[in-house]
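Comments concern the structure below.
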Ligand code: SF4
Ligand code: SF4
């Protein structure tokens, strides 16, 4: 039995080897990723334009703490909903990673998709494959080098600008973005400054930072050592089959394993690691090494799949177990969180109203025989549209006199507060403390029911 390569999950990338020149990947898995990336990019670009009931499908306005997720508005006062949404998202990531490893990183993460499927492909198209890029970087500054470098960086800046606009569309919405485009820039100086700033950040990220965004900056990569276990599916080298490694010698009986030490898996790796050293924190599961090794296996007449999607237990013990007690535990927690989220969303009102008797106030006896109590109220608009709430008394009979206008209007996620005098005929009041039932309406639609108490003089 062969020895498992050390699992270097916390190993740091070798910064002295940068910049990296990964070879252009090709093969079955790469083609699948290209198709999937086109779907991801299409979704990324069309999502800000999608609407449900006139509202954006997704809005992530971190500046004003307003979020819309699948048409559900989460405003600054929805801290419960926001907290539960974040928590369930986190548990989902943990569960998904425990079972499927870093599938997200390799296939759907915008950083990988833009880096490998957009920027890297442009680089290959302009400067050629890895060898040519290396030569170009080492060459002196000729007109050809100036032309290629200028053209490449101009395209990089242009795409970074597009991505910055896309980010803004998610944060402020497409309407605000179109306003920025169509109106004089001076009127939208902060937003325009944001776009310029993020264009710079994206350009720096995709032109220079590259794989370090995954291996040094991204916290998700650093969590791998606690999230992955021996049953997690990952891109892995089958050391049982591959070791001991050895060059291929024609016409000689092979006594080594199937790895012929060609280093093709290393040459294509965008993070510059050797997958044969075991699962590593820097591996973004991009599948490039699977394709590279399969090409080699095919060439030398060995069975493909020396590097493949598999788990440590399959390689070492030939046992596959996707669902372990740990994953069942995470799934149960996730189910609980989703149920709580579903309940909160289903029972959620458009407004959140509080109505309390004004501090220090007593009942007021009116000349017409009715009794008055003074209240202060606050109404939060929990939607992303204008709401005109109307507070009405359900029981007992009585009337409301608002200080100021009774026509209330709340902006999206807005708040209004005021004072209201509630008058109730004495005949309706049987005891000193009476429970009042009120409702908040918008036209004839009941938005919310509220309760409070009413104080009357002792009989
Ligand atoms: S590509 Fe395959 S055969 Fe070549 S070094 Fe890597 S694991 Fe070994
Ligand atoms: S080791 Fe393989 S899957 Fe991991 S990043 Fe490198 S090429 Fe991609």
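Laboratory data are not the source of any read-out in this text; all were calculated from the coordinates shown. What you see is a predicted model; the values in this text were computed from it and never measured. With ideal geometry, Cβ positions are generated from the backbone for all residues, glycine too; neighbour counts draw on all protein chains shown.
Arranged from highest to lowest average of other beta-carbon atoms within 10 Å per residue, in what order do the peptides 87-98, 427-438 appear?
On the way: 87-98: 16.9, 427-438: 14.0.
Sorting 87-98, 427-438 by mean packing, highest first, produces 87-98, 427-438.
The label-point distance for residue 135 and residue 406, in a model that sets each label 7 Å from Cα toward Cβ, rounds to 8.6 nm.
Computed on the Cα trace of region 28-114, the radius of gyration divided by the Kirkwood hydrodynamic radius gives Rg/Rh = 1.04. Modelled spin-label separation between residue 35 and residue 104, with each label point placed 7 Å from Cα along the Cα-to-Cβ direction: 2.5 nm.
Each of the peptides 212-225, 304-317, 352-365 was scored by the mean count of other Cβ atoms within 10 Å over its residues; in descending order, highest first, they stand as 304-317, 212-225, 352-365.
Our analysis of region 215-362 gives Rg over Rh at 1.32, with the two radii drawn from alpha carbon positions and Rh computed by the Kirkwood formula.
Counting Cα-Cα pairs of region 15-226 in 5 Å increments starting at 0 gives whole-percent bin shares of 1, 6, 11, 14, 17, 17, 14, 9, 6, 3, 1, 0, 0. Here the sum of -39500 (n - 2.57) over DSSP H runs of 4 or more residues, divided by the residues of the chain, equals -12000 deg cm²/dmol at 222 nm, to the nearest 500.
Between 0 and 90 degrees, the angle of helix 143-172 with respect to the longest Cα principal axis of the chain falls at about 30 degrees.
Taking every Cα-Cα distance in the chain and sorting them into 10 Å bins from zero, the calculated P(r) comes out as 4, 15, 20, 19, 15, 10, 8, 6, 3, 1, 0, 0 percent.
Of the residues 378, 148, 138, 250, the one with the fewest other Cβ atoms within 10 Å heads the list, and the complete ranking is 250, 138, 378, 148.
A viscosity of 0.890 mPa s and a temperature of 25 °C, combined with the Kirkwood radius over C-alpha pairs in the Stokes-Einstein formula, give region 351-455 a diffusion coefficient of 173 µm²/s. Between 0 and 90 degrees, rounded to the nearest ten: what's the tilt of helix 28-46 against the longest Cα principal axis of the chain? Here the helix axis deviates by roughly 30 degrees.
In percent, how large is the relative contact order of region 202-317, given Cα pairs closer than 8 Å and 6 or more residues apart? Don't jump to the answer; show the numbers that get you there.
Details: 147 pairs, mean separation 37.7, N = 116.
This gives 33 percent for region 202-317.
Ordered by the number of other Cβ atoms lying within 10 Å of each residue's own Cβ, fewest first, 29, 141, 338 fall into the sequence 141, 338, 29.
So what's the angle, to the nearest 10 degrees on a 0 to 90 scale, between helix 79-100 and the longest Cα principal axis of the chain? Long axis of 79-100 versus the principal axis of the chain: about 20 degrees.
Model label sites at residue 445 and residue 122, defined 7 Å from Cα along the beta-carbon direction, differ in position by 4.4 nm.
Which whole-number percent is the relative contact order of the chain (Cα, under 8 Å, 6+ apart)?
Relative contact order comes out at 17 percent.
Considering only alpha-carbon pairs that sit under 8 angstrom and 6 or more positions apart, the relative contact order computed for region 298-377 is 17 percent. Calculate the FRET efficiency for residue 222 and residue 50 from the Cβ-Cβ distance with a Förster distance of 22 Å, rounded to the nearest 0.05. That pair, residue 222 with residue 50, gives E of 0.10. Label zone (residue 298, point 7 Å along Cα-to-C-beta; backbone nitrogen cut-off 17 Å) within region 241-269: 264-265, 268.
What does the extension gain come out to for residue 63 and residue 208, with contour length at 0.36 nm per residue minus their alpha carbon separation?
Details: separation 145, 0.36 × 145 = 52.20 nm, distance 2.79 nm.
Separation in residues times 0.36 nm, less the Cα-Cα distance, equals 49.4 nm.
Between region 67-96 and region 144-199, what is the separation of their alpha carbon centroids in Å? Measuring centre to centre over Cα atoms gives 29 Å. Rounded if a/c is under 1.5, else prolate if a/b is larger than b/c, else oblate: which is region 235-311, with a ≥ b ≥ c the root eigenvalues of its Cα gyration tensor? It comes out prolate by the Cα gyration axes.
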